[in-house]
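Asks: This is the structure I want to talk about, given as structure tokens.
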Amino acid sequence: MNFRRLIFFYFSISVVKATIISVPEDYPQIQLAINASNAHDTVLVSQGVYIENIDFSGKSIVLTSQYLFSIDTLDIQTTTIDGNQSGSVVSIHSREDSTTQVIGFTIRNGNQDQGAGIYINGANPRISQCRIMENATNFGEGAGIYIRGSNLVINHVNIIGNVVSHNGDGDFARGGGICIDSSTALISNSQITTNEVGEGTGGGIYISNSQVFIEYSTISENRPNNYTYTQGSAIWANNSYLNISHSEITGNSAGDASCGGIYASNMDSIILSHAIVSRNSGSDFAISGGGVGMHLRSSPILIENSTFYQNRAGWSNAVGGAGGYLYDVTGIIVNSNFSQNVSTQHGAGLYIDHSDLSIKYSSFTHHNVPAWGRGGGSYAAYSHVVWERCLFAYNSVGWDSQSGQTGKGSALYTSNSISSYVINCTFSENTEDLVHISPSTTSGVNVINSILWNNTGYPLQGSGGEETQYSYSDLDWLVGNNQNINQDPLFFDSGTSDFSLQSTSPCIDSGTNFYVIGADTIVDYSSASYLNAAPDMGYLEFGWPLEIQNYAEKCEEESAFKAFPNPLNNSLSLEISVPEHQSFDLFFFDARGREVFHKYDINLGYPSAKLTLKMEDNEGTQLSSGIYICAIRLQNQLYSKKITLIK
């Protein structure tokens with residue numbers, strides 16, 4: 001008897017077919033059609049304005065306009081669900097699964113404390129090809145979309161003009177466009193623009209205790225409501241993992257708060273890849289970070305292939321860091337450009353505080369700080385920083401004619417910092433006081449394999465606990481010892497910002513591939529990292545393309561293996577394709593490029609195999625949270641992938 005029931009049940013499930021229910025042909029209202037639907041049905045809505053507040057009521061269905069079949073954006077514009085300011089327009093909050101979809105609507109005019117446009121709680125839907133606009137709450141969270149305890153995909157969605165107002169009673173407003181709490185979300189190919197928050201956080205997106213991936217999207221023109229303030233007007237994130245790629249953060253304003261672009265604190269990790277962060281600002285009293293502001297408690301970051309330009313940090317009690325303000329951060333910035341950022345205090349390009357950073361293949365150009373400011377290109381305090389193969393050009397400091405006061409460190413300023421290194425960098429066309437080291441700096445800046453040429457005024461001001469050492473560098477004011485030279489480097493054309501070397505430059509092959517200070521190895525270049533007999537001085541090796549090369553990206557594209565999960569919290573699995581019986585070497589490097597694990601001559605015996613590893617160093621000690629490079633050396637080729645360890 002039980003056997004027959006089991007067979008009948010299986011047969012019943014296998015023959016059930018999804019039904020298309022049409023609105024208004026079958027039912028005049030969307031909610032009536034939802035009520036009549038079963039799991040996996042499709043509710044198909046024709047053009048029109050539907051004044052409703054709909055609830056999926058636990059049904060995993062597809063709710064779509066005619067766009068699903070027409071692929072005509074006119075169907076999105078003319079199929080509207082209007083909430084009539086009487087609650088959330090769409091509610092999905094009863095364990096609806098990932099087959100649940102909302103496709104091709106304009107969702108507007110909702111009014112609710114949480115999720116005036118769309119309210120999602122404990123569900124896993126997909127929202128695509130929609131406009132979510134003009135929804136509001138007087139105080140609360142997520143005027144456009146509110147997400148809690150859910151897994152959500154947002155694809156090709158425009159979230160426009162949603163407002164969380166401040167009620168004046170001390171309630172904190174969050175997430176004008178989207179509020180994401182204790183969830184996982186993927187936002188792709190979307191625009192989040194002109195949303196507002198009054199006296200709160202996250203004008204575009206608010207993120208807390210979540211994992212969020214943003215790709216191929218634009219977050220722009222988000223701002224405070226009624227001229228108040230919004231900290232992190234584009235994105236505010238706390239205690240989360242955030243990965244932003246191929247996206248633009250532009251034109252956002254924080255009002256009288258910090259970080260018009262991205263504000264992040266106490267994060268697990270942040271990755272910013274192929275991003276443009278531009279024209280973001282606070283008002284005159286913004287505290288820090290026009291483009292990005294990060295207070296991370298030693299959490300790891302990776303910023304790569306990104307551009308920060310024309311961001312602004314205000315004055316008064318401002319710290320600065322118009323391009324970026326990084327506090328208590330560990331990680332790497334690679335192949336990124338900081339340009340034309342404006343700070344009326346310190347660090348117009350980048351302000352670094354209490355951090356441990358490696359900055360490689362990056363440029364800091366066309367910055368200015370005023371007469372009382374410090375560090376036009378970059379400012380570092382209480383930090384260990386390595387600038388390697390970077391360009392500092394056209395940076396300047398202001399001068400006050402009445403007081404005679406002048407700014408300090410047009411390119412670079414260090415204060416209370418330890419063991420900072422400048423390796424294979426070029427400094428040119430900067431104004432006076434090129435590199436300034438405050439008296440409180442515990443050790444000088446060590447400059448190696450670099451070019452400091454054609455900067456006006458005093459090249460170096462101040463002194464720390466130890467003298468600044470110049471070695472294997474081209475200096476236009478002195479030679480001294482340590483293999484320094486004093487000859488025109490023969491830039492190709494500095495007038496057009498081309499600081500590559502001509503073929504007759506004395507800087508070619510004049511650097512060193514190995515340099516030690518005390519017990520620390522500062523430079524240890526393999527022969528593959530330069531041409532000919534020795535490295536050149538300056539940030540570009542003669543014979544390489546002018547564009548700064550991104551080796552990590554190249555390795556990703558050529559990779560012979562897959563690494564997952566990523567991010568991970570314990571063990572890493574590798575799927576490796578190698579010639580049969582061919583051995584390979586495996587390495588882990590930390591964010592500063594230091595080897596933490598290796599295993600040589602691994603032979604799996606098969607052309608394709610899976611290998612699982614615990615995230616431990618060579619002594620068997622568990623690795624701490626951070627960004628690592630997993631690399632495989634196979635037949636003299638190196639393949640690598642970035643991985644993020646979160647505990």
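Asks: Quick one: compute the contact order of segment 44-85, relative version, from alpha carbon pairs under 8 angstrom and 6+ residues apart, as a percent.
Replies: Reported as a whole number, the value is 59 percent.
Asks: Something else about it: Gain in length, Ala39 to Tyr216, computed as 0.36 nm per residue apart minus the alpha-carbon separation, to one decimal in nm?
Replies: 60.5 nm
Asks: Here's another thing I want to ask about it. So what J values fall out for segment 185-195 if you push phi through Karplus, 6.51 cos²θ - 1.76 cosθ + 1.60 with θ = phi - 60°, rounded to Hz, Gly and Pro as x?
Replies: For segment 185-195, the Karplus-derived couplings read 9, 10, 10, 9, 6, 10, 10, 10, 9, 6, 8 Hz, x marking Gly and Pro.
Asks: Now for a separate question. How far is it, in nm, from the label point at Ala519 to the one at Glu595 when both lie 7 Å from their Cα along the line to the Cβ?
Replies: 2.0
Asks: To the nearest whole percent, what portion of all C-alpha pairs in segment 21-145 is separated by more than 24 angstrom?
Replies: 17
Asks: For Phe584, Phe213, give the ranking by accessible area with the largest first, probe 1.4 Å.
Replies: Largest accessible area first, the list is Phe213, Phe584.
Asks: If you don't mind, another one. Would you mind computing Rg(Cα) / (2.2 N^0.38 Å) for segment 85-225, counting N as its residues?
Replies: Ratio of Rg to 2.2 N^0.38 Å for segment 85-225: 0.91.
Asks: Right, another one. By average Cβ neighbour count within 10 Å, what is the ranking of 80-90, 489-499, 124-134, 106-116 from highest down?
Replies: 106-116, 124-134, 80-90, 489-499
Asks: Remind me, relative contact order of segment 342-395 in percent, using alpha carbon pairs under 8 angstrom and six or more residues apart?
Replies: 47 percent.
Asks: In the structure shown, do any of Lys59/Lys562; Lys614/Lys641; Lys360/Lys610 have a Cα-Cα gap over 27 Å, and if so which?
Replies: Table pairs above 27 Å Cα-Cα are Lys59/Lys562; Lys360/Lys610.
Asks: Enter the per residue convex hull volume of segment 119-190, computed from alpha-carbon coordinates, in Å³ rounded to the nearest integer.
Replies: Spelled out: Cα convex hull of segment 119-190, divided by residues, is 69 Å³.
Asks: Multiply the residue separation of Gln487 and Glu25 by 0.36 nm, subtract the distance between their alpha-carbon atoms, and state the gained length in nm to one decimal.
Replies: 158.0 nm
Asks: Also, quick follow-up: Please state the shape class of segment 95-149: rounded when a/c is under 1.5, otherwise prolate if a/b exceeds b/c and oblate if not, all from the C-alpha gyration tensor.
Replies: oblate
Asks: In nm, to one decimal, how far is the modelled label at Asp585 from the one at Thr621, with both set 7 Å along Cα→Cβ?
Replies: Modelled inter-label distance: 2.3 nm.
Asks: Right, another one. What Kirkwood hydrodynamic radius, in Å, does segment 327-404 give when the mean of 1/r is taken over all pairs of distinct Cα atoms and then inverted?
Replies: 12.7
The values are calculated or read from the model by the stated rules, or taken from the named source; none is laboratory data. On a predicted model such as this, the values are computed, not experimentally measured, just so you know. Cβ: placed from backbone, ideal geometry, glycine included. Neighbour counts: every protein chain shown. Each accessible area value is taken on the protein alone, full model and side chains, heavy atoms only, with ligands, DNA and RNA left out. Shrake-Rupley method; radii C 1.70, N 1.55, O 1.52, S 1.80 Å.
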